[in-house]
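Note sheet for the following structure.
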Amino acid sequence: MAYATYDEFEQPRSVTAVYWLMGLCIGVYFVQATLTGDANMANALGYAPGDLASRSLWTVMTYMFVHGGLIHLALNMWTLWLFGPRVERAWGSSAFTWFYLWCGLGGWAFHYMFQRSGGVLIGASAAILGVAVAYASRWPDDEVLFFGVVPMKVRWLVVFMAVMNILMAVLDSGGMGGTAYAAHIGGMVAGWIYLKTPNAQSLDKLRRRIAPAPDYGDETPRPVPKSSSRPRERDVDEIVAQSKAAVARVRPAPPVAATTAIVTQVPSTAFDAVLDKIAAEGMGALTTAEKLLLEEWSKKLRATGK
């Protein structure tokens, strides 16, 4: 249900409208009791059958500020003081005032449709019962003392008042004067309709919440691939280059001269033949291989100390 325009804990507000409405009702009654009298005030500000035809249109609103006696006034003011301040703190004075007048207008509409011959319509009961509906919608589990004695949750109290007014309106149908039960029901129904209808404040609040959302245009949404936690695959050329560099850093074993390998594998008989050739022909007659063989054997002999 769209029963809260504001949250009382987010934006607490002072109570002014309730006290102004109470002061207006008390002021009208003071003038009524001291100057004009009950009948004259009711005729001037109360709604009577035929006022629409006579263009006394203000009476559809002013009737809710006139009361039939001190007890009537006191009961209505106590009920307004019981339910009104908390609703006003939650909504704000302006919203509460318009809601109050709307419920009063709903009370007149039901009286006009269902209780036309019920005499002059006066009293703030219709508007105040609408406020009670708003309170029960926002804080249904709060407890009040019914008749000052019986503890009862607000939701059940409002349901009880609605049922009682419906029953009394049916039983009193066609009656001349008395309590305007149809107006009571109209005030509660008007309050319920108001609470079920999103108002400008709630729509503006919704608009402010939606406004920061980015505008993606008319392009069809596409899925975005999830980023992989694995390292990026390296290029094949990069891998080959690094492999070649690693191979180049490994130093190859120094090559062994073929002549040396040949010399080491030559038996000692070959060395003896070289010596014989030197003795016979001299050093100049030796070939390169024979000179290397001679040099290798000389190193071995020095190493062994021979």
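Read-outs: derived from the displayed coordinates by stated rules, not from any lab. Nothing here was measured: the structure is a model prediction, and the numbers come from that model. As a convention, Cβ positions derive from the backbone with ideal geometry for all residues, glycine included, and neighbour counts pool all protein chains shown.
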Item to check | Isotropically averaged projected area of region 17-203, using the convex hull of Cα atoms (one quarter of hull area), nm² | outcome: 10.8
Checklist entry - Using r as the Cβ-Cβ distance of L52 and L167, and R0 as 35 Å, what FRET efficiency do you calculate, to the nearest 0.05? => result 0.75
Next on the checklist: Counting other beta carbons within 10 Å of each residue's own, what order do R155, R138, R116 fall into, fewest first?
Outcome noted: R116, R155, R138
Checklist entry - How would you rank 276-286, 39-49, highest first, on the average number of other Cβ atoms within 10 Å across their residues? => result 39-49, 276-286
Checklist entry - Shape of region 16-119 from its Cα gyration tensor (a ≥ b ≥ c, root eigenvalues): rounded if a/c is under 1.5, otherwise prolate when a/b > b/c, or oblate? => result oblate
